[in-house]
1. Check segment 234-247 and report whether any residue there is assigned to a helix (DSSP H, G or I), in contact with a helix residue (DSSP H, G or I) (Cβ under 9 Å, 6 or more places away or on another chain) and outside the structural domain of residue 65 (by TED's automatic domain parsing).
2. For segment 210-224, which positions are surrounded by fewer than 15 Cβ atoms within 10 Å (Cβ to Cβ) and within 12 Å of the ligand (Cβ to nearest atom)?
3. Evaluate the following for residue 83: is it more than 25 Å from residue 331 (Cβ to Cβ) and at pLDDT 95 or above?
4. Give the residue, chosen from 227, 201, that is closer than 17 Å to residue 290 by Cα and touching a residue at least 24 places away in the same chain (Cβ under 8 Å).
5. I'd like to check which helices (runs of 4 or more DSSP H) are fully inside segment 1-106 and have at least 1 residues that are in the same structural domain as residue 166 (by TED's automatic domain parsing) and within 15 Å of the ligand (Cβ to nearest atom).
6. Within segment 110-139, how many residues turn out to be part of a helix (DSSP H, G or I) and either surrounded by 16 or more Cβ atoms within 10 Å (Cβ to Cβ) or modelled with pLDDT under 95 (or both)?
7. Answer yes if at least one residue in segment 96-114 is within 19 Å of the chain's Cα centre (by Cα) and closer than 23 Å to residue 2 by Cα, and no otherwise.
8. Please work out if residue 234 is within 15 Å of the ligand (Cβ to nearest atom) and out of contact with any strand residue (DSSP E or B) (no Cβ under 7 Å at 6 or more places or on another chain).
Ligand code: AMP
C-alpha cells in the first residue's frame, strides 16, 4: 500500500529572520519528523516559482542549495527515506503538466486570484508566470497525489483551484488525479496553531520581518551573535519596570518572554513564571540576549558543518524517485488528452 502524501514547498532565502525560523521552518521540520512513519513527505524547493517576479538570476542556483542547507542545519533529517527533498525544476513533469492544465484553465478564473491582483496592481512589468503560477502549484500537488498540503491564508484560493481543476479533469477524462483535502481539513490535520508571531524588537507592535524599514529590531539568522545581542539589549520596552506577559500593555517585554521561551525550548507559561516580578529590565534583557547569541552561534556552526555533497546526494536520490512517481501521473494525463496511445 502506498502511503498518503504530505507535500510542502520549502520557501527560503538568504536573509531569514528569527521569526521565519520559529514560525516557518521549525513547524515544517517538526511536521516532517512526526508524520514521516505514516506518510510520504514531499519537501520540494519551488525553484520555478522563484522568478514569477524579477530576481537576480546570478544568485539563484546558490540560493536553491542554501535553502536546502538551512533546513538541514535547522534539523531536517535527510537520512529519513520517507522524506523526499527535491528541486521542482529537476522533475520536468511539473512544467509539462502545467502546460496541459493551462489549456483547461479559463483566463477568467485565473484573473480572479486575489494574490495575483495584489501582486500585479499598479505594476507594469507583470509576467505571465505570475498570472499562471497557481496552475504550476496545482501540478506540484497533483503529480504526487498529495492529500495534505499546509496552506497559509494567501494560498487558500490556490488550493481550491487545485481541487477544482482536478475534479474537472476527473469528470471529463476519468480518474486521473487524487483531489487534495479541502482547506478546512488541511487546518484540522496540521493544527490551527498559526498564532506564533515573533515581533520586531524596535517596534514590538509589528511582526519581525526582513522587509522592516530598519534592521535594528530584526534578528537575522546570519547576524553576528554579538550584534544580535546588542539588538536585544536595545529592544523597546516600557516604563512599568515589572516583567509580565501582557502583549497589549507590554508588547516589548512580552515579545522578549516569547523569544526567551522559544530559544530555551521552554513553555511560555514556565518562562513567564520564572521571570514574573523581575524589576530590572537590563538583567532580563541580558539573559535573553545570551540565549539569542548562543542560539545563533550554534545555528551558524551547524550551517557551516552541513556537507554540501550529502545534500546533493539526497537531492539526486529524491529527484530520481520523484521523476518516477511524477512521470506515472503525467503519462496517464498524456494518454487521457490524446498525446500518448491508450493502454
Ligand atoms: P515570509 O518571510 O513573511 O514569507 O514568511 C515565511 C514563513 O515564516 C511563514 O510561515 C510565516 O508565518 C513565518 N514568519 C515570518 N515572519 C514571522 C514572525 N515574525 N513570527 C512568526 N512567524 C513568522
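1. no
2. 210, 211
3. When the stated conditions are applied, residue 83 passes them.
4. 201
5. Passing ranges, in order: 26-35, 57-73.
6. Looking only at that region, the number is 19.
7. Among the residues of segment 96-114, not one is within 19 Å of the chain's Cα centre (by Cα) and closer than 23 Å to residue 2 by Cα, which makes the answer no.
8. no
The values are calculated or read from the model by the stated rules, or taken from the named source; none is laboratory data. Remember, it's a predicted structure, so these values are computed and weren't measured experimentally. Reconstructed Cβ throughout: ideal geometry from the backbone, glycine too, with neighbour counts over all protein chains shown.
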